[in-house]
Amino acid sequence: MGSTPAAPAQTLLCALSIFTPQHTLGRHPRRRSGRAWQSITPPRSRHLPHIHSDRRSTPLGSSAPDRPHLSVDHHPAALESPICSPPQAAAQTTTLSLPLYPSSTALPSVPANYLGLSIELSSLSSLLGPGVPPPPTPGNASIPTPFLTYLQNVYTRLGAPLRLRIGGNSMDSSVYAENQTTTLLEVLDPAANSNNVPVSFGPLLFSTLGALITPHLNLSYTFALPLLTPNDTASYAPLAAAEGALLPAGTLDLVLLGNEPDLYYDHGDRPGFANYSVDDYIGDFGEEIAGMTGDLQYPILGGPTICCNWDLSSLAASGYLTTFSSQLKAITLQHYPQNNCFGSYAFGLDYYLLHSNVVGLAQWQAPGVGLARAAGKEVRMTEFNTASCGGVPGISDTFAATLWTIDYALQLATQGFTGAHIHTREPGVSYNIFSPPNTTAVSTDSSSASAVTQALESGWTTGVTYWPLLVVAEALGGNQSSANATRSAGVFTAPVDLNLSSDATAGYALYSSAGGWQLSALLLINYGASNLSYALPPGLAPSGSLELQTKLLLAPDTSTTSPPITWAGQAISAAGDGALTGAHVSVIQVCPPQTQASGACVVSVPGPGVALVSVTVTVGEAGGEAAGTGTGTGAGGGKSTVTVQAGQSSTPAGAGAGPTGGSTSGARGTSWGGRAALVGALLAAGVALGG
């Protein structure tokens with residue numbers, strides 16, 4: 001293990017802050033150290049890094065100075081003064097241990113659309129507005145544009161339908177009403193606990209879900225059926241028929257029969273039972289299947305959807321897998337690390353900053369997961385988040401939760417899960433993926449319907465758990481974007497835990513079926529505050545060069561609630577419309593065989609942050625040109641190019657939700673996001689500030 005100086009993010013931010021309006025007016029920007037504000041005197045001899053990008057390209061094979069001088073042709077007057085801390089010590093470089101091809105041919109693999117969303121049924125009115133009457137009209141103006149944009153941002157990175165699960169506690173106690181055609185949802189018990197609000201819904205819900213499907217957004221639905229009264233076919237058979245007939249053809253992926261039956265007895269949902277056992281559940285499951293014969297095309301069912309009290313292995317031993325083999329498509333589970341249902345919780349923020357806790361949590365039900373996979377069934381985590389019953393304020397709304405969600409999702413994949421869904425609810429819940437402004441549920445024929453629809457066109461807030469959807473989509477979707485029209489919906493990826501030595505870090509090697517199970521990417525998570533550097537192992541690709549493209553997920557720290565977050569330099573628009581804005585920044589670094597052999601092919605991961613590093617093996621020395629400017633050896637070894645793509649990467653309700661083409665300066669940002677784009681690019685490129 002050696003050490004390599006890395007450019008600390010805070011140092012770069014402080015340097016960039018010199019070029020602020022205050023400085024141009026003759027006033028020095030100020031830096032806070034502890035409680036004191038200190039004046040910064042602009043250095044006279046330092047060459048400050050800027051990014052310039054026009055349509056010219058710098059050949060990767062050209063010579064470059066050890067310290068590349070990057071230029072900008074836009075005055076970064078909008079950059080705000082950051083809160084600066086004393087410079088960090090040089091980061092230690094850890095050499096990763098990984099092969100170009102996986103050591104095992106029996107690794108679990110997942111599809112590109114592995115990570116999806118889960119939405120509580122009772123919250124759909126707040127997200128979808130009044131609804132879209134049948135027949136569904138794709139792109140209907142009644143659908144809130146921000147909701148579509150949030151989903152499109154993810155979908156364009158997948159190359160496969162985005163998975164969307166509708167359900168939760170409220171599903172089991174809700175009622176399907178075939179004549180409910182003008183009101184999306186009607187609350188059945190206004191005094192119900194907020195964690196379980198029963199509603200009625202009808203065909204309007206399905207026509208609205210159908211209207212979400214557009215040329216720019218394809219969805220794969222997981223729906224549910226109640227299991228509270230299996231002896232009453234009227235409580236579930238009409239809904240099963242509607243799910244099979246009213247959703248657009250080919251979009252119903254999975255039907256969950258019941259929700260957390262291991263809690264039925266505790267919640268009083270089986271009155272008269274001395275207990276509600278696994279055998280009781282298996283009997284109810286079979287009775288309900290018999291009651292809806294012909295309504296669904298099997299295998300499409302998911303179960304047992306347990307969360308807490310039962311052992312999946314015991315269910316399998318009781319004959320669940322064999323008895324319902326022809327109906328079951330997937331074994332489904334739901335699990336949270338803790339609950340906040342009663343105003344108290346077990347773990348603080350530190351719990352979510354340790355990778356070992358993620359590994360232990362993902363091994364819940366591991367023997368049963370193994371039995372299910374051996375029986376040829378998928379295993380999906382159909383609902384998870386940081387804490388049940390809405391999360392924990394001060395934990396679920398921090399960047400720690402963002403990092404933890406990415407880590408946990410990928411760790412589940414290494415344990416054999418084939419799908420996972422991040423759960424979200426009504427406005428104001430701390431763990432939400434996104435929250436709309438508060439509105440009143442109204443019918444489609446109400447005089448206030450248009451006003452409600454208009455109110456939902458802006459003012460949305462983006463939760464910290466939205467960003468994992470983007471990052472994991474790019475990691476497993478082959479870094480697809482709207483700028484790359486080539487899609488491979490059948491691509492699978494096998495993630496392998498790198499077992500890094502520090503518990504404040506996590507790393508995954510991603511092996512893709514698209515390249516014959518060759519290493520396609522690295523995903524490196526830094527839970528700590530210090531920057532980290534990782535060297536690829538010497539001889540990883542001895543007969544060719546490695547081209548690394550790095551994108552960074554960044555935030556100031558792990559403890560601030562609702563922090564500013566950027567992915568590849570982009571933030572969500574302050575307008576609250578779900579659009580990604582700002583320059584799209586990635587770093588391309590080429591490591592020829594001699595650089596690999598010397599251990600100088602290095603990737604830096606800011607603290608805290610995530611680096612997604614796409615890996616491409618090219619034959620011989622890399623040549624040609626790459627977009628952007630600023631080649632140089634830097635601290636990362638090899639040659640690097642900062643690539644800045646232009647402008648807003650998502651258009652509301654439009655097709656352009658991925659990085660756009662063209663080039664521009666990265667200095668257009670007006671907040672932490674703009675500065676982070678510059679910092680991320682320079683840091684990942686291994687650029688250090690000169691003194």
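The values are calculated or read from the model by the stated rules, or taken from the named source; none is laboratory data. No experiment lies behind these values; they were computed from the predicted model shown. Please note: Cβ atoms are built from the backbone with ideal geometry, for glycine as well, and neighbour counts cover all protein chains shown.
Of note:
- Residue among 229, 222 that is in the same structural domain as residue 171 (by TED's automatic domain parsing), surrounded by fewer than 17 Cβ atoms within 10 Å (Cβ to Cβ) and among the hydroxyl-bearing types (Ser, Thr, Tyr): 229
- Scanning the stretch 402-436 for residues that are part of a loop (DSSP other than H, G, I, E, B), in contact with a Pro (Cβ under 8 Å, 6 or more places away or on another chain) and under 18 Å from residue 120 (Cβ atoms) yields 427, 430, 436.
- Residue satisfying all of: in the stretch 173-194; of a type outside the set (A, V, I, L, M, F, W, C) and in contact with a strand residue (DSSP E or B) (Cβ under 8 Å, 6 or more places away or on another chain); surrounded by the fewest Cβ atoms within 10 Å (Cβ to Cβ) among these: 186
- Within the stretch 174-185, being more than 13 Å from residue 134 (Cβ to Cβ), in contact (Cβ under 8 Å) with a residue 60 or more places away in the chain and within 31 Å of the chain's Cα centre (by Cα) holds for one residue alone: 185.
- Filtering the stretch 133-167 to residues that are part of a loop (DSSP other than H, G, I, E, B) and under 30 Å from residue 491 (Cα atoms) leaves 138, 139, 156, 157, 158, 159, 160, 161.
- Evaluation of residue 261 against the conditions (1) closer than 22 Å to residue 114 by Cα; (2) in contact with a Ser or Thr (Cβ under 8 Å, 6 or more places away or on another chain) shows that the sole unmet condition is (1).
- All positions within the stretch 280-320 that are within 31 Å of the chain's Cα centre (by Cα) and of a type in the set (D, E, K, R): 311
- The one condition in (1) touching a residue at least 12 places away in the same chain (Cβ under 8 Å); (2) polar (S, T, N, Q); (3) outside any loop (DSSP other than H, G, I, E, B) that residue 594 fails to fulfil: (1)
- Candidates 229, 208 - the one that is among the polar types (S, T, N, Q) and within 21 Å of residue 444 (Cα to Cα): 208
- Put simply, of 250, 258, 210 the only residue that is closer than 16 Å to residue 327 by Cβ, in the same structural domain as residue 200 (by TED's automatic domain parsing), within 31 Å of the chain's Cα centre (by Cα) and of a type in the set (Gly, Ala, Ser) is 258.
- Looking only at the stretch 232-269, and only at residues there that are of a type in the set (Gly, Ala, Ser) and crowded, with 21+ Cβ neighbours inside 10 Å, the one that is farthest from residue 295 (Cα to Cα): 258
- Flag for residue 453 being in the same structural domain as residue 333 (by TED's automatic domain parsing), of a type in the set (Val, Ile, Thr), at pLDDT 95 or above and touching a Pro at 6+ places or on another chain (Cβ under 7 Å): no
- Of 441, 413, 449, all but one fail to be closer than 30 Å to residue 521 by Cα and touching a residue at least 24 places away in the same chain (Cβ under 8 Å); the exception is 413.
- Within the span defined as the stretch 407-414, one or more residues are surrounded by fewer than 24 Cβ atoms within 10 Å (Cβ to Cβ) and either within 24 Å of residue 253 (Cβ to Cβ) or not assigned by TED's automatic domain parsing to the domain that holds residue 145 (or both).
- Any hit, the stretch 396-414, residues being modelled with pLDDT of 95 or more and more than 19 Å from the chain's Cα centre (by Cα): no
- Restricting 458, 447, 388, 443 to residues that are assigned by TED's automatic domain parsing to the domain that holds residue 142, among the polar types (S, T, N, Q) and over 25 Å from residue 132 (Cβ atoms) narrows the list to 388.
The rows are residues; the columns are (1) among the aromatic types (Phe, Trp, Tyr); (2) under 26 Å from residue 333 (Cα atoms); (3) touching a Gly at 6+ places or on another chain (Cβ under 8 Å).
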{"site": "99", "(1), (2), (3)": "no, no, no"}
{"site": "102", "(1), (2), (3)": "no, no, no"}
{"site": "107", "(1), (2), (3)": "no, yes, no"}
{"site": "185", "(1), (2), (3)": "no, no, no"}
{"site": "189", "(1), (2), (3)": "no, no, no"}
{"site": "201", "(1), (2), (3)": "yes, yes, no"}
{"site": "204", "(1), (2), (3)": "no, no, yes"}
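- Looking across the stretch 79-105 at every residue that is among the hydroxyl-bearing types (Ser, Thr, Tyr) and more than 30 Å from residue 556 (Cα to Cα), the one that is modelled with the lowest pLDDT is identified as 105.
- The stretch 471-491 - residue that is closer than 30 Å to residue 132 by Cα and crowded, with 20+ Cβ neighbours inside 10 Å and, of those, modelled with the highest pLDDT: 473
- Selection status of residue 494, modelled with pLDDT of 95 or more, touching a strand residue (DSSP E or B) at 6+ places or on another chain (Cβ under 6 Å), buried (at least 24 other Cβ atoms within 10 Å of the Cβ) and of a type outside the set (S, T, N, Q): no
- Among helices (runs of 4 or more DSSP H) entirely within the stretch 305-401, having at least 3 residues that are surrounded by fewer than 20 Cβ atoms within 10 Å (Cβ to Cβ) singles out 312-317, 355-362, 366-374.
- When the stretch 432-475 is limited to residues that are among the charged types (D, E, K, R) and more than 11 Å from the chain's Cα centre (by Cα), the one that is nearest to residue 422 (Cα to Cα) turns out to be 457.
- Counted residues, the stretch 372-394 - those being free of Cβ contacts under 8 Å to residues at least 60 places away in the same chain, in contact with a strand residue (DSSP E or B) (Cβ under 9 Å, 6 or more places away or on another chain) and of a type in the set (A, V, I, L, M): 4
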